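*Asks:* Take this structure, written in structure tokens, and hold onto it; I'll ask about it next.
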Amino acid sequence: MSSLESPGHSPAPDHMVRTLTWRDGMVFALNMPIGLFLTLGYTVGAIGGWTAISIWAVACFFAFLQSHLFSEMAAMFPDRSGGISVYAYEGWKRHFAPLGAIAAFGYWMGWSLSLSVEGVVLGTLIEQAFFPDNEISVRLPIGHDLGLPYLIAIGAIVTAWALNYFGIKIAAGVARITGALLVIGLAVLVVGPFLSTGADFDVTRISWAGSSTPFDWKVIVVWFYITAWTTYGTEVCASFAAEYKDPVKDTSRALRRSALMIMGLYILVPYVVVGALGEETIGANPVNYIGIAFEHILGSYAWLGQVPVMAAFVIAMMTATADGGRSLYGIAQSGGTIRQLGELNRYGVPGRALTTDMLINVVILIVLGEPIAILLASNLGYLTAVTLAVGAFVLLRRDRPDMLRPIRLARPWVFVACGLFAVNSFAIVVGILNPGLTGYGGLSETITGIGILMIACVLWYYRQRIQEKTQIEWRIRDTPHGMLRPVPPTTSETTTSDEHDSVTDTRS
């Protein structure tokens, strides 16, 4: 009898537990306003309010288009956890398998490292609201000194891990409560400046200029590159496809409705906040401008407004932990990284992957520290994963034309996918070549991101050569029995010209 089957212990299930609905997916997507809070101060201070709002509006529209592509692929793999990282791997492994592993690992990197960023900002908000005069600091032989915000961040990372480790329903239940608080906080933030005498709204405070030339296209593209995680992140709903009660309908609804919700928030919230505080105040306080906004609106009761925002950070950290862990699990299940990460615990969640994710974040937090530096290091992997997942939509249409598609988009969506692939690829190239244009990062963060991505190749090689004891195959595909085999060099991929554009719902 194995330890998992010993008396007093339930055996680990061999599949994810289906307990969620599309509404739970939208609750997890409520972590996206946190991305706005994290980057609004830096972005507005650099390029101006209207320019920043325009970038977010365009990026959110792209995210809405991509949500349709991901809906089709999610319906193709309803029992697969890991979301777009799995779709990218499945689409590219026939053409260059390490590229699929890089996409999957990059996706994990984008979500996982955001956990550290969110923890630091949450700690800063708590310190500002409740412990403004503290002098707590822990000196380390490596990295940097850990003040109270960093100690709070480490505690929050461990808490987010615990809430996920013991079952997704616990995390979903907490997310509903904190999500309700976030809605209240956003309402105060949006309506308050029009009602409060201390925070009067003035649209003339919003401009097209910041500390840089407003229409320098390279600067604009680099900021698009940096903020991609914050606007594209509604794809997180697809990561829970294997846990929805109806994986086809619930995933599609969560993806599309979340994208529309976030588009509205990313236009309305910065418009009101910048109009209430002004670009100079926000640019000078890129992290704690939220507290300043609530002080203007609520005066001495500002902490009442900050509590819902703190609650939103709890959602964000639980989501980042859940998505990062499921991404590692999905990669391992697909054969793209070490086998040990592809195991579920007795609560039906990828416990080992979640724990690995938590430990890596604590280390990154200690070593890198500065939130914008962590974002710059992680966003390369994330945008690479999204771009390759969009490309995978086209490849799967070509390589697997007969695969069951309960949701099938019309033929023009293939051209939409090609256009999005080109735009995202262009943003990656410009972002890599010009990291210093934002004024908040440089070459070292880009090198860090590339280095983390290269780890994916090492782990992929280890899985194939050491754990599976197979020859390295650069192009692989699934056999009818689920094993992997090389694609013969002389084999031409089959295409079809009689695909019909329809939407069916044949999978229960």
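*Asks:* Looking at Gly449, is it modelled with pLDDT of 70 or more, under 25 Å from Tyr382 (Cβ atoms) and in contact with a Leu (Cβ under 7 Å, 6 or more places away or on another chain)?
*Replies:* Answer is yes for this residue.
*Asks:* From Gly299, Gly348, which residue is in a loop (DSSP other than H, G, I, E, B) and on the phi > 0 side of the Ramachandran plot?
*Replies:* So the residue among Gly299, Gly348 that is in a loop (DSSP other than H, G, I, E, B) and on the phi > 0 side of the Ramachandran plot is Gly348.
*Asks:* Which residues, counting only those in segment 157-198, are crowded, with 16+ Cβ neighbours inside 10 Å, of a type outside the set (Ser, Thr, Tyr) and closer than 15 Å to Val272 by Cα?
*Replies:* Correct list: Gly185, Leu186, Val188, Leu189, Val190, Gly192, Pro193.
*Asks:* Okay, next question. For segment 388-426, give me each residue that is under 18 Å from Tyr225 (Cα atoms) and either hydroxyl-bearing (Ser, Thr, Tyr) or not in a helix (DSSP H, G or I) (or both).
*Replies:* Passing the criteria: only Ser425.
*Asks:* Give Ser252, Ser239 a once-over and let me know the one that is out of contact with any Lys or Arg (no Cβ under 6 Å at 6 or more places or on another chain), crowded, with 16+ Cβ neighbours inside 10 Å and not basic (Lys, Arg).
*Replies:* Selected residue: Ser252, the only one of Ser252, Ser239 that is out of contact with any Lys or Arg (no Cβ under 6 Å at 6 or more places or on another chain), crowded, with 16+ Cβ neighbours inside 10 Å and not basic (Lys, Arg).
*Asks:* So, one more: Could you figure out which of (1) at pLDDT 80 or above; (2) touching a Phe, Trp or Tyr at 6+ places or on another chain (Cβ under 9 Å); (3) more than 30 Å from Ile170 (Cβ to Cβ) isn't true of Lys93?
*Replies:* (2)
*Asks:* How many residues does segment 269-306 contain that are polar (S, T, N, Q) and free of Cβ contacts under 8 Å to residues at least 40 places away in the same chain?
*Replies:* Counting residues in segment 269-306 that are polar (S, T, N, Q) and free of Cβ contacts under 8 Å to residues at least 40 places away in the same chain gives 2.
*Asks:* Out of all the residues in segment 111-153, which are assigned to a loop (DSSP other than H, G, I, E, B) and acidic (Asp, Glu)?
*Replies:* Hits for segment 111-153 are Asp133, Glu135, Asp145.
*Asks:* Name the residue, out of Ala293, Ala312, Ala322, Ala276, that is on the phi < 0 side of the Ramachandran plot, touching an Asp or Glu at 6+ places or on another chain (Cβ under 9 Å) and assigned to a helix (DSSP H, G or I).
*Replies:* Ala276
*Asks:* Give all pairs with beta carbons closer than 7 Å in which a residue from segment 394-421 that is in contact (Cβ under 8 Å) with a residue 40 or more places away in the chain meets a residue that is among the basic types (Lys, Arg); count only pairs at least 6 apart in sequence or on separate chains.
*Replies:* These pairs meet every condition: Asp399/Arg94; Leu404/Arg507; Pro406/Arg507.
*Asks:* If Thr356 passes every condition in (1) surrounded by fewer than 19 Cβ atoms within 10 Å (Cβ to Cβ); (2) in a helix (DSSP H, G or I); (3) at pLDDT 80 or above but one, which one does it miss?
*Replies:* All conditions pass for Thr356, except number (1).
*Asks:* When you scan segment 412-422, how many residues do you find that are surrounded by 17 or more Cβ atoms within 10 Å (Cβ to Cβ) and closer than 9 Å to Thr387 by Cα?
*Replies:* Summing the residues that are surrounded by 17 or more Cβ atoms within 10 Å (Cβ to Cβ) and closer than 9 Å to Thr387 by Cα in segment 412-422 gives 2.
*Asks:* Further question: From the list Ile428, Ile407, pick out the single residue that is closer than 30 Å to Asp250 by Cα, at pLDDT 90 or above and crowded, with 16+ Cβ neighbours inside 10 Å.
*Replies:* Exactly one residue qualifies, and that residue is Ile407.
The values are calculated or read from the model by the stated rules, or taken from the named source; none is laboratory data. Here the structure is a predicted model, which means the values were calculated and not measured. Note that each Cβ is placed from the backbone with ideal geometry, even for glycine, and that neighbours are counted across all protein chains shown.
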